[in-house]
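Undergrad: Sharing a structure here in structure tokens format.
The values are calculated or read from the model by the stated rules, or taken from the named source; none is laboratory data. Everything numeric here is computed off the predicted structure, so don't read it as measured data. Note that we place each Cβ from the backbone using ideal geometry, even for glycine, and neighbour counts take in every protein chain shown.
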């Protein structure tokens, strides 16, 4: 608030100008693409200034108090939103001191949807803010790409095929047009050092360090907090066998560097004035002190590498599959697992699953560990050991049950089966004959009693 009072007061006047006409999809782009980065207040301030610029006369002005009432917003909120608009490239502000202060607001044209999504810095930040799946769905909705059959050929006539600025009879020979000298590349990067470093690796630096590539590199290292020493490794990794700069590889490498340094939370836009938790001071480690056990050495190893480096160490070629790296990075971001925990998970799955990385299996464990609140390599190793013990116990019981079933289903000799069948038949015939003999005996006894009774009566 103290800063705002020095730079902006409610009675300060404002004049608003629109630098150039906006694209037709400006409203959509502001709502769907810019808003996640600058918040709904930032978009509301821009739209209010935009509408006001249509009706404001060149010689007139309004106070900031009037704009506050229009937006139903405090001046502090307006000032914070204004700074975000300036930082993102949607607004330029100029001030004029006099009997009263006047602010000149120059509205900059927002990107079109295609321009925004093709900008490496804005598109990467948006993807981190809304998530990869939402970003891909949004990109598919906004970019209407024309899909032609694969066998078509371009039949479009060029300008030179149809037109000429000189009468055909006067055309003699085509003059060779000298190409203008290439302009020096403007950058803060140490180009001489980068050229020397790439040349030592037998890489053609002039093919890699072009103006578009330099601009892309500058934006990526700013987003992912990559220093010059880390840049060397990322740059070498991103050059393929055809001496081409692979931007996707470079971004993935920068992303790995960021996660290794700052944890699993992806880079986002934060206000510098926002109070952040001060990191705990690291304990000074005694150089002579060595880890007490193999477990501590392993924990230290998991804390100091990324899952990319883990897979590279386990690969005979020293290279990791980009498909697997993308999958693991996506799962780590989705479930918010710190890098050391993800390293333990990858190591655990590889040992349990015969060196195979199954997405469904990894995602199931990642979701479980996220719910359990696992935040360190030590916790991850403990829960992995516990689950492994449970699994081994269950496996042992299962094997014992299967052995019992196999014993009960043992094949008996044929002579033993015949003898058992014969005994069974003998018992059945015996049980069938015994009741009949008893009935016959009782009948004879009854007949004898009746005869004796009739004799005594007579």
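Yes/no matrix, rows are residues, columns are (1) outside the structural domain of residue 236 (by TED's automatic domain parsing); (2) over 24 Å from residue 266 (Cβ atoms); (3) surrounded by fewer than 16 Cβ atoms within 10 Å (Cβ to Cβ):
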{"site": "298", "(1), (2), (3)": "yes, yes, no"}
{"site": "302", "(1), (2), (3)": "yes, no, no"}
{"site": "319", "(1), (2), (3)": "yes, yes, yes"}
{"site": "328", "(1), (2), (3)": "yes, no, no"}
{"site": "368", "(1), (2), (3)": "yes, no, yes"}
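Undergrad: Have a look at 120, 58, 149 and point out the one that is under 28 Å from residue 272 (Cα atoms) and modelled with pLDDT under 95.
TA: From the options 120, 58, 149, the qualifying one is 120.
Undergrad: Can you tell me which residue is farthest from residue 40 (Cα to Cα) among those in the range 59-73 that are assigned to a helix (DSSP H, G or I) and without any contact (Cβ under 8 Å) to a residue 24 or more places away in the chain? Working first, answer last.
TA: So in the range 59-73, the residues assigned to a helix (DSSP H, G or I) come out as 64-71.
In the following step, the residues that additionally are without any contact (Cβ under 8 Å) to a residue 24 or more places away in the chain were identified as 66, 69-70.
Working: 66: 20, 69: 17, 70: 15 Å.
The extreme case among them is 66.
Residue-wise test of (1) in a helix (DSSP H, G or I); (2) touching a strand residue (DSSP E or B) at 6+ places or on another chain (Cβ under 9 Å); (3) more than 30 Å from residue 135 (Cα to Cα).
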residue	(1), (2), (3)
48	yes, no, no
77	yes, no, no
94	no, yes, yes
110	no, no, no
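Undergrad: Among residues belonging to the range 172-203 that are surrounded by 13 or more Cβ atoms within 10 Å (Cβ to Cβ) and modelled with pLDDT of 85 or more, point out the one that is nearest to residue 244 (Cα to Cα).
TA: Only one residue tops the list, namely 203.
Undergrad: If residue 8 meets every condition in (1) modelled with pLDDT under 95; (2) buried (at least 17 other Cβ atoms within 10 Å of the Cβ); (3) touching a strand residue (DSSP E or B) at 6+ places or on another chain (Cβ under 7 Å) apart from one, which number is that one?
TA: So residue 8 meets the others, but not (3).
Undergrad: Which members of the range 28-57 meet the condition of being surrounded by 14 or more Cβ atoms within 10 Å (Cβ to Cβ), without any contact (Cβ under 8 Å) to a residue 24 or more places away in the chain and over 20 Å from residue 106 (Cβ atoms)? Break it down stepwise before answering.
TA: Keep residues of the range 28-57 that are surrounded by 14 or more Cβ atoms within 10 Å (Cβ to Cβ), which gives 28-30, 32-39, 41-50, 52-53, 56.
Those left that are additionally without any contact (Cβ under 8 Å) to a residue 24 or more places away in the chain: 35, 43, 47-48.
Correct list: 35 only.
Undergrad: Continuing with the same structure: Looking at (1) in contact with a helix residue (DSSP H, G or I) (Cβ under 7 Å, 6 or more places away or on another chain); (2) surrounded by 16 or more Cβ atoms within 10 Å (Cβ to Cβ); (3) assigned by TED's automatic domain parsing to the domain that holds residue 47, which is the one condition that is false for residue 76?
TA: (2)
Undergrad: Right, next: Since residue 86 meets every condition but one in (1) surrounded by fewer than 17 Cβ atoms within 10 Å (Cβ to Cβ); (2) in contact with a strand residue (DSSP E or B) (Cβ under 8 Å, 6 or more places away or on another chain); (3) in contact (Cβ under 8 Å) with a residue 40 or more places away in the chain, which condition does it not meet?
TA: Every condition holds for residue 86 apart from (3).
Undergrad: Okay, moving on. Could you count how many residues in the range 185-198 are free of Cβ contacts under 8 Å to residues at least 40 places away in the same chain, outside any loop (DSSP other than H, G, I, E, B) and out of contact with any helix residue (DSSP H, G or I) (no Cβ under 6 Å at 6 or more places or on another chain)?
TA: Selection size over the range 185-198: 4.
Undergrad: Quickly run through the range 291-347 and pick out the residues that are assigned to a helix (DSSP H, G or I) and within 18 Å of residue 238 (Cα to Cα).
TA: Answer for the range 291-347, where residues must be assigned to a helix (DSSP H, G or I) and within 18 Å of residue 238 (Cα to Cα): 307, 308, 309, 311, 312, 322, 323, 324, 325, 326, 329.
Undergrad: Hey, another quick one. Which residues, taken from the range 211-221, are within 11 Å of residue 245 (Cβ to Cβ) and loosely packed, with under 14 Cβ neighbours inside 10 Å? First the steps, then the outcome.
TA: Kept after step one, since they are within 11 Å of residue 245 (Cβ to Cβ), are these residues of the range 211-221: 212-214, 216-217.
Matches in the range 211-221: 212 only.
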